[in-house]
1. So, R0 is 22 Å and r is the distance between the beta-carbons of Ala158 and Leu123; what FRET efficiency does that work out to, to 0.05?
2. Which net charge results when you count Lys and Arg as +1 and Asp and Glu as -1 among the other residues whose beta-carbon is under 15 Å from that of Ile54?
3. Give me the one-decimal nm value for the distance between modelled label points at Met130 and Gln144, 7 Å along each residue's Cα-to-Cβ direction.
4. Please list Glu124, Glu16 from largest to smallest accessible area, probe radius 1.4 Å, with all protein chains kept in place.
5. Which far-off residues, 5 or more places away or on another chain, put their amide H under 5 Å from the one on Ile172, with H placed in the peptide plane?
6. How much of the calculated P(r) for the range 123-175 lies past 19 Å, in percent of all Cα pairs?
7. Each label point is 7 Å from the Cα along the Cα-to-Cβ direction; what then is the distance between the points at Asn9 and Tyr85, in nm?
8. Give a residue-ordered list of calculated ³J(HN,Hα) values for the range 151-161 (Karplus: 6.51 cos²θ - 1.76 cosθ + 1.60, θ = phi - 60°; whole Hz; x for Gly, Pro).
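The values are calculated or read from the model by the stated rules, or taken from the named source; none is laboratory data. Only a predicted model underlies this, so the values are computations on that prediction, with no experimental measurement involved. Every residue, glycine among them, receives a Cβ derived from its backbone with ideal geometry; neighbour counts consider all protein chains shown. Please note that ligands, DNA and RNA were not included when accessible areas were found on the heavy atoms of the full protein model with its side chains. Shrake-Rupley method; radii C 1.70, N 1.55, O 1.52, S 1.80 Å.
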Amino acid sequence: NLIFVGSENGLKHAFEKAGWSGANPGTPIHIVAASITTLFNKAHKTGPFTPHFINIGLQDLSFQKLPDKKSFAQRHHIRIWRTTYKLPGSHHVWVAAASYDSSLRFDILPPFIHHHIDPNLDLERDLIAMELIQAGCLMVDDYQMNHPISNDSPAKNATGAKYFTDGIARIIEVK
């Protein structure tokens, strides 16, 4: 739901300036550490992400930001993939998927702990766009990336969580 134009270092700097942290890989040790912080309702700024794949592979970058509550059960997060497209000036084109983890649910099947997402994906997209623009990035345009999915007939992600969207991707240039 976001498209970025710029370098990897530019993306890292923009998210850092906006107060976002990177994510640890989803290794067993990081998952155990995240589980312990969750049990004690503590913050985990660099908690692991479940790997997500699209047709170009595993995400290249992941960022997260804890809300005011400072609990790992709730977090803003985004996964970013580098595409093969380059614009003049060696600016890479990146695609991203952003959502807000609103709570945790436990399951008897691995990976045992799943974040439940807020179903309105557009709120998270717009929050991230606003924060990056305040950090000095440039809002370029909107692009109708997918068909809208209505709140009345939401879709489901791989873990069964419902979501809806207007299908628009915000295009942001990072310096």
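1. Given R0 = 22 Å and the Cβ-Cβ separation, E is 0.60.
2. With Lys, Arg at +1 and Asp, Glu at -1, the neighbours total +1.
3. Here the modelled spin labels are 2.6 nm apart.
4. Output order, biggest surface exposure first: Glu16, Glu124.
5. Amide H to amide H, under 5 Å and 5 or more residues apart or across chains, Ile172 pairs with Ile3, Phe4, Val5, Val140.
6. Details: 536 of 1378 pairs.
Of all Cα-Cα pairs in the range 123-175, 39 percent lie more than 19 Å apart.
7. Computed distance between label sites Asn9 and Tyr85 equals 2.5 nm.
8. 4, 6, 9, x, 8, 10, 8, 5, 9, x, 6
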